[in-house]
Every structure is written in C-alpha cells, then in structure tokens.
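Here the structure is laid out as structure tokens; the discussion comes afterwards.
The values are calculated or read from the model by the stated rules, or taken from the named source; none is laboratory data. Note that the structure is a prediction, hence the values are computed from the model and not measured. Every residue, glycine among them, receives a Cβ derived from its backbone with ideal geometry; neighbour counts consider all protein chains shown. What goes into the accessible areas is simple: the full protein's heavy atoms, side chains included, and nothing from ligands, DNA or RNA. Shrake-Rupley method; radii C 1.70, N 1.55, O 1.52, S 1.80 Å.
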Amino acid sequence: MADKKKVLIVEDDEFLRSLTAKKLEGEGYEVIVAVDGPNAISSIPENAPDLIFLDLLLPGGKDGFDVLTAIKADEKTKNIPVIVFSNLGQKEDIEKAKSLGAEDFLVKANFTLDDVILKIKEILK
Amino acid sequence: MSWLSFVFITEPSFWVFFVLFFTGAFCLGYYWQGKESRVKILIEEANLKTTQIAELEKVNQELEKKNRELYSKELELTMANKHLQTLEQAKSKFVSVTTHQLRTPLAAVKWTLDMATKGELGIIDEEQKEFLGKGLTSVNRVISIVNDLLKIDSIDSAREEYDFKPTDIVKLIDDVFFEFNNQASVKKISLVVEKPKTAIPYIDLDADKIRMVLENLIDNAIKYTPIGGQVTVRLLDSRINSVEGALEISVSDSGIGIPPEETNKVFQKFFRAANAIKNEPDGSGLGLFIAHDIIEKHNGSIWFKTNSGKEGSGGSQGTTFSFTLPLHQKKV
C-alpha cells in the first residue's frame with residue numbers, strides 16, 4: 001500500500017486508545033496518538049494526519065472542543081476531517097461539535113470499531 | 001275656697017299663666033323624654049360600636065396570626081422547594097456523570113468482546129465464540145439501559161417544563177434522519193419520508209420532546225427491521241382541517257411485528273416483546289413508555305398496527321406506530 005492513510009487518535013483512556021489503534025492498524029492505517037488536549041494541538045500541524053478521531057473530555061486544560069477550534073482556526077489543518085468520538089452524546093454536545101466543524105459525532109458505546117472503520121472508509125474515499 | 005278659686009278662674013292672667021305653665025311643662029317633659037331616648041340610642045350605639053371594635057380587633061389579631069402562619073408556611077415551602085431543586089440538580093448531575101463514566105468502560109468491554117468474537121484478537125473455537133458473543137449481548141443491553149436512563153433523566157428534569165413553540169416538523173424529521181443515517185446504513189436500511197404535496201403548517205410543540213419520540217420510534221423501527229428493509233415516516237394532513245385540527249405522523253417498518261398476545265402491554269414501562277428480546281436483546285423497554293408520556297402531554301394520541309407474520313394474520317409483516325399532534329396547544 002503506497003499511500004497509507006494516517007489517522008490521529010486523540011483519546012485519554014489508555015485501553016480504548018490501544019484497542020482503536022490495534023483495529024486501525026489491522027485495517028492498514030498508520031496510527032498516531034495523542035493523550036490530552038495540548039498534546040493533540042501540537043501534534044496535528046506536525047504530523048498532518050488525513051483524519052482525526054477526537055474525544056471530548058480530555059485532560060491537560062484543553063478539551064476536545066478547544067482542540068477542534070484550534071484545528072479549524074489553522075489554515076493548514078482546517079480541512080482535515082474530524083470525527084468526534086465521545087461518550088457525552090447529549091444533544092448540546094453534538095450540536096456544538098457540529099457547529100465547530102466536526103464531520104460526524106459518534107457515541108463510543110453505541111458503535112463498534114467495525115462501524116468506525118466503515119465511517120473512515122466513507123470519509124477517506 | 002270656692003270664692004278664691006272663682007277669682008282665679010276669672011282672672012285672665014291666671015289663664016295665661018295656666019296655659020303657659022302646662023305648655024312649658026309638657027314641652028319640658030317631652031324634651032326630657034326625647035333626650036332620654038336619644039341618649040339611650042346613643043349609648044346603645046356606642047355599646048354596639050365598642051363590641052364591634054372589639055370583634056374587629058379580634059378578627060384582626062386572628063388575621064395577623066394567620067398571616068404569620070402563612071408566611072412561615074411559605075418560607076417552609078420555599079425552603080422545601082429549594083431543597084428539591086438541589087436534589088433534582090444533584091440527581092441529574094449524578095445520572096449524567098455516572099452514565100458518561102459508565103459508557104467509557106462499557107465501550108472498552110464492547111469493543112474487546114466484538115473484536116474477540118470475530119477472531120481479531122486471536123483464534124477462538126466455536127464454544128469460546130458463543131460465550132464471548134453472549135458477553136457482547138449483555139454489554140449491549142447495559143449500554144442501552146444507560147442510554148435510556150439518560151433519556152428518562154432528561155425528561156424528568158424537565159417534566160413540567162414543556163416549551164411549546166411553533167415548529168417546522170418537516171425539518172425536525174430531517175434532523176432526526178440525519179442522526180440515524182449511520183445506524184441505518186450499517187443495516188442497509190433506507191429511510192424514507194412521505195409527505196403531502198401541500199405545505200405542512202408549523203405546529204405548537206416541544207421540539208426536544210417530539211424529537212425524542214421520533215428518535216425512539218425510528219430507533220425501534222431500524223432495530224427490528226431486517227437488513228435491507230425500509231423505514232418510512234409518513235405525514236398525513238387529513239385531520240388538519242377537521243375539528244380536531246391535528247397532524248398525523250406515522251413510522252412504519254418492515255420488521256418482525258409485535259405478537260398479538262402482547263399488544264396490550266406495548267406502552268407499559270419496561271415492556272419488551274418476547275420476539276424483540278430474541279432479535280434485539282439490548283432494549284430496555286422504556287422508549288415507548290417515554291413516547292406515550294410525551295404525546296399525552298401534547299394532547300395528542302399514539303397507537304399502532306402490527307403484523308408479526310403469525311398464521312392467519314395475513315398482510316405484510318411489520319409495525320406502524322402513529323401519533324397525532326394538535327396544531328395548537330390551548331393557552332393555560
């Protein structure tokens with residue numbers, strides 16, 4: 001595979017992060033991870049991922065909404081599709097993420113990683 | 001003596017004196033008598049006034065006492081209300097935090113079991129696969145209950161606060177469809193809206209609550225429809241110009257239907273049809289209960305037609321849930 005797509009996973013839960021990474025790597029994606037808000041904000045321009053999975057509740061003083069705002073404010077990164085992958089799932093959170101420019105919003109517990117792969121394929125096609 | 005009397009009687013001055021004396025005496029007597037009765041009346045009046053004042057004072061005191069009691073009751077009520085509000089807020093916060101904290105580890109268990117069942121975490125035999133699959137089913141059930149708890153909490157915390165506003169129902173349905181695109185596409189189910197050619201007027205409704213009803217009905221329809229099926233939302237304007245003045249909305253699926261022996265329990269709390277549990281074990285049985293509650297609060301009604309494909313039932317399999325929404329809510 002010449003053009004291995006690069007996916008960034010922003011997730012503070014170690015186990016969820018490693019499961020998602022394992023699944024994505026198994027599907028042939030290159031996976032990079034960020035464990036908190038500031039970590040994600042500095043990593044994105046540097047690594048220029050093709051797609052970002054973004055958790056909303058993040059440690060480090062910057063939450064997912066802050067990260068999303070930073071991505072969309074930067075000319076170089078604003079076109080990277082962001083899938084918000086959280087457990088908040090309240091209507092206000094979904095609306096807020098959409099208005100900030102998120103491509104989609106998935107409540108983690110309501111989807112399997114297979115659904116996630118389908119979603120990625122759809123967006124990166 | 002008689003002589004003397006005679007002299008007097010014949011004397012004119014005597015008569016003058018006589019008349020004057022008696023007139024005066026009479027007048028005086030009359031005057032005194034009148035004065036006496038007027039005084040009597042005055043005294044009676046005064047007595048009456050005094051008793052009335054005393055009574056009024058008593059009433060006044062009682063009123064003040066009642067007032068004080070009312071005030072302290074009001075204070076008590078305000079305190080109790082504040083206490084309830086705090087409790088309610090604490091409960092809501094507890095539920096939303098807990099459910100969120102629950103969802104993260106639940107997602108981890110679900111994903112692990114899902115990958116393990118598919119052999120993505122190493123080769124497993126049939127027996128292991130079966131047990132892991134049952135584990136996955138159970139965790140999905142818990143996730144669904146957590147989701148419904150969140151819904152119930154959001155209804156409970158806004159139980160009295162129905163915010164009826166003229167709403168574009170067509171747009172609301174579009175929004176809900178957007179939300180279910182992922183879920184439907186996974187099962188290759190097409191979501192279809194059928195609406196009348198004439199424009200649908202804005203309807204007085206609480207958009208968040210009606211959204212919940214549509215979500216519940218569409219969610220069920222997708223769940224119980226086999227892969228490749230269809231879920232249709234229909235808007236019927238036949239009752240708009242009737243006395244009732246209501247829009248009818250229905251959600252139809254080509255799913256497994258509800259067994260006839262269970263149709264009377266559909267809107268009960270925690271109801272789960274036997275065939276539903278077999279097909280989709282992760283429901284909580286709260287969705288239709290919630291929907292029923294919301295439609296009632298909108299002064300509408302909700303009902304269903306179903307065909308579980310059992311012998312003699314004829315027709316095509318599936319369930320249609322319908323509800324009416326009055327165009328206008330009476331001002332309270």
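Does the range B:73-89 contain at least one residue that is at pLDDT 75 or above and either within 30 Å of A:Glu11 (Cα to Cα) or in contact with a helix residue (DSSP H, G or I) (Cβ under 7 Å, 6 or more places away or on another chain) (or both)? The answer is yes, given that some residue of the range B:73-89 is at pLDDT 75 or above and either within 30 Å of A:Glu11 (Cα to Cα) or in contact with a helix residue (DSSP H, G or I) (Cβ under 7 Å, 6 or more places away or on another chain) (or both).
Residue check: is B:Ser242 farther than 30 Å from B:Lys93 by Cβ and either in contact with a Pro (Cβ under 9 Å, 6 or more places away or on another chain) or at pLDDT 85 or above (or both)? Answer is no for this residue. When you scan the range B:161-169, do you find a residue that is away from chain A (no Cβ under 12 Å), more than 30 Å from B:Gly245 (Cβ to Cβ) and polar (S, T, N, Q), even just one? No, there is no match, as no residue in the range B:161-169 is away from chain A (no Cβ under 12 Å), more than 30 Å from B:Gly245 (Cβ to Cβ) and polar (S, T, N, Q).
Checking each residue in the range A:102-118 for being under 12 Å from A:Leu54 (Cα atoms) and in contact (Cβ under 8 Å) with a residue 24 or more places away in the chain picks out A:Ala102, A:Lys108. For the range B:75-129, the set of residues classified as within 13 Å of chain A (Cβ to nearest Cβ) and surrounded by fewer than 11 Cβ atoms within 10 Å (Cβ to Cβ) consists of B:Val97, B:Gly122, listed by residue number. If the condition is being part of a helix (DSSP H, G or I), open to solvent by 40 Å² or more (accessible area, probe 1.4 Å) and within 14 Å of another protein chain (Cβ to nearest Cβ), then the range A:60-93 contributes A:Lys91, A:Glu92.
Can you name every residue in the range A:11-59 that is more than 14 Å from chain B (Cβ to nearest Cβ), under 12 Å from the mean Cα position of the chain (by Cα) and of a type in the set (Gly, Ala, Ser)? Matches in the range A:11-59: A:Ala34, A:Gly37, A:Ala40. Whenever a residue of the range B:204-224 is under 28 Å from B:His328 (Cβ atoms), its partners that are part of a loop (DSSP other than H, G, I, E, B) and at pLDDT 90 or above, lying with C-beta atoms within less than 7 angstrom and at least six residues away or across chains, give the pairs B:Leu205/B:His298. Hey, among the residues in the range A:94-125 that are within 9 Å of another protein chain (Cβ to nearest Cβ) and farther than 21 Å from B:Ala108 by Cα, which one's most open to solvent (accessible area, probe 1.4 Å)? Per the criteria, the residue is A:Glu122. Tallying residues that are open to solvent by less than 70 Å² (accessible area, probe 1.4 Å) and in a helix (DSSP H, G or I) within the range A:27-49 yields 10. Of the residues making up the range B:206-217, at least one is within 11 Å of chain A (Cβ to nearest Cβ) and basic (Lys, Arg).
Any residue at all in the range B:12-32 that is exposed (fewer than 10 other Cβ atoms within 10 Å of the Cβ) and assigned to a helix (DSSP H, G or I)? Yes, the conditions are met somewhere in the range B:12-32.
Results for (1) of a type in the set (A, V, I, L, M); (2) out of contact with any strand residue (DSSP E or B) (no Cβ under 9 Å at 6 or more places or on another chain), shown as yes or no for each residue.
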position	(1), (2)
A:Asp55	no, no
A:Gly60	no, yes
A:Gly64	no, no
A:Leu68	yes, no
A:Ile83	yes, no
A:Gln90	no, yes
A:Glu103	no, no
A:Asp115	no, no
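Only one of the numbered conditions (1) buried (at least 18 other Cβ atoms within 10 Å of the Cβ); (2) assigned to a loop (DSSP other than H, G, I, E, B) is not met by B:Leu132, and that is (2). Looking across the range B:175-201, the residues that are within 14 Å of chain A (Cβ to nearest Cβ) and either exposed (fewer than 13 other Cβ atoms within 10 Å of the Cβ) or not aliphatic (A, V, I, L, M) (or both) come down to B:Asp175, B:Phe178, B:Glu179, B:Phe180, B:Asn181, B:Asn182, B:Gln183, B:Ser185, B:Lys187, B:Lys188.
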